[in-house]
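A short write-up of the structure that comes next.
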Amino acid sequence: MTQSSSYPPAAEVSHISAEPLDLVGLLAGAHHPGAGAVVLFSGEVRNSNKGLAVDFLEYEAYIPLATQLIKEILEEARGKWQLHIAIAQHRVGKVAVGDTAVIVITASAHRSEAYAANRYIIDRIKHEAPIWKCEHYADGSQEWGNNCNCHSVTGDVSKHIYETQ
Amino acid sequence: MKIHVYAKLKDYFQPEFELLETIGNTDELRAVLVKMNGGADELLSSCRFAVEEGFIDKDFKLKAHDTVVIIPPSSGG
């Protein structure tokens, strides 16, 4: 892939989008001369959940706080892993099976930092950002799903346990 | 006090409504909401609260004109 002449700083990418996410466009702009590694995570809508066929998902967010929280997570990751690029964008609204619900892109000098930072960012978004999905099943039923349940272990709704810990 | 709720909390409350009671903190707010709909008790115990686009803790002093957003556990991604 060719190097982009204009790198999109995270501040220019809206963190919450009601429009389909531009996976290819974001990746095309996520190159930096100091980065030897670019990692992209695309969280996509699966066609089944708990043994039921999924028709689509509907995401909702408390946008001001979700935006602020994602911005803070990216800033922290950028400093911790010396990232050249850190981008995260999450969908709201109806998202079809196979479509992208969330994108995280990280770019750093070496791959270990880009991988670690990417995992850190998506884990924190999933646990902490005020974003919720409602599963709409093919049988017509619906269910708000898979809430973070860390508080049952930590005893604090603000404290989380991450898979990488 | 205006209340906004999201996600599964909308199974128990209107998305936006107003409370006229004097409510001093989030513990008192939670108790009022449980009285309104006891089925939401367990979910409310796992929710965070926000005022003016920032999370608040149980020591935050709520005021009558505040708009309080009640935030269930996240399920994004």
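The values are calculated or read from the model by the stated rules, or taken from the named source; none is laboratory data. Note that the structure is predicted; figures quoted are calculated from it, not measured. As a convention, Cβ positions derive from the backbone with ideal geometry for all residues, glycine included, and neighbour counts pool all protein chains shown.
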Please work out which one of (1) at pLDDT below 95; (2) loosely packed, with under 13 Cβ neighbours inside 10 Å is the condition A:HIS127 fails and give its number.
(2)
Which of (1) exposed (fewer than 14 other Cβ atoms within 10 Å of the Cβ); (2) part of a strand (DSSP E or B) does A:SER158 not meet, given it meets every other one?
(2)
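Return the only residue of B:GLU21, B:GLU28 being of a type in the set (Asp, Glu), away from chain A (no Cβ under 14 Å) and assigned to a loop (DSSP other than H, G, I, E, B). I'd like the intermediate steps shown before the answer.
Details: B:GLU28 fails: assigned to a loop (DSSP other than H, G, I, E, B).
Only one candidate qualifies: B:GLU21.
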Residue count, region A:9-43, condition in a loop (DSSP other than H, G, I, E, B) and surrounded by 12 or more Cβ atoms within 10 Å (Cβ to Cβ), comes to 13
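What number of residues within region A:44-74 satisfy the criterion of being in contact (Cβ under 8 Å) with a residue 40 or more places away in the chain and either surrounded by fewer than 22 Cβ atoms within 10 Å (Cβ to Cβ) or in contact with a Phe, Trp or Tyr (Cβ under 9 Å, 6 or more places away or on another chain) (or both)? It would help to see each step written out before you state the result.
First pass over region A:44-74, keeping only residues in contact (Cβ under 8 Å) with a residue 40 or more places away in the chain: A:44-47, A:49, A:52-63, A:65-67, A:69-71, A:73-74.
If we keep only those that are either surrounded by fewer than 22 Cβ atoms within 10 Å (Cβ to Cβ) or in contact with a Phe, Trp or Tyr (Cβ under 9 Å, 6 or more places away or on another chain) (or both) too, we end up with A:44-47, A:49, A:52-56, A:58-63, A:65, A:67, A:69, A:71, A:73.
Residues meeting the conditions: 21.
Run down B:ILE56, B:ILE71 and say which single residue is within 20 Å of A:THR154 (Cα to Cα), in contact with a Ser or Thr (Cβ under 8 Å, 6 or more places away or on another chain), hydrophobic (A, V, I, L, M, F, W, C) and within 12 Å of chain A (Cβ to nearest Cβ).
On the way: B:ILE71 fails: in contact with a Ser or Thr (Cβ under 8 Å, 6 or more places away or on another chain).
That would be B:ILE56, the only listed residue that is within 20 Å of A:THR154 (Cα to Cα), in contact with a Ser or Thr (Cβ under 8 Å, 6 or more places away or on another chain), hydrophobic (A, V, I, L, M, F, W, C) and within 12 Å of chain A (Cβ to nearest Cβ).
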Complete set of residues in region B:48-70 that are in contact with a helix residue (DSSP H, G or I) (Cβ under 8 Å, 6 or more places away or on another chain) and either at pLDDT 95 or above or among the aromatic types (Phe, Trp, Tyr) (or both)
B:PHE49, B:ALA50, B:PHE55, B:ILE56, B:PHE60, B:LEU62, B:VAL68, B:VAL69, B:ILE70
Name every residue in region A:120-151 that is at the interface with chain B (Cβ under 10 Å from one of its Cβ atoms), more than 23 Å from B:GLY54 (Cα to Cα) and out of contact with any helix residue (DSSP H, G or I) (no Cβ under 6 Å at 6 or more places or on another chain), in order of residue number.
A:CYS134, A:GLU135, A:GLU143, A:GLY145, A:ASN146
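Out of B:VAL69, B:VAL34, I need the residue that is under 11 Å from the mean Cα position of the chain (by Cα), part of a strand (DSSP E or B) and surrounded by 14 or more Cβ atoms within 10 Å (Cβ to Cβ). Which one?
Values: B:VAL34 fails: part of a strand (DSSP E or B).
That would be B:VAL69, the only listed residue that is under 11 Å from the mean Cα position of the chain (by Cα), part of a strand (DSSP E or B) and surrounded by 14 or more Cβ atoms within 10 Å (Cβ to Cβ).
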Please go through region A:117-140 and give me each residue that is over 20 Å from A:ILE16 (Cβ atoms), in contact (Cβ under 8 Å) with a residue 40 or more places away in the chain and not in a strand (DSSP E or B), ordered by number.
A:ALA117, A:ARG119, A:ALA138, A:ASP139
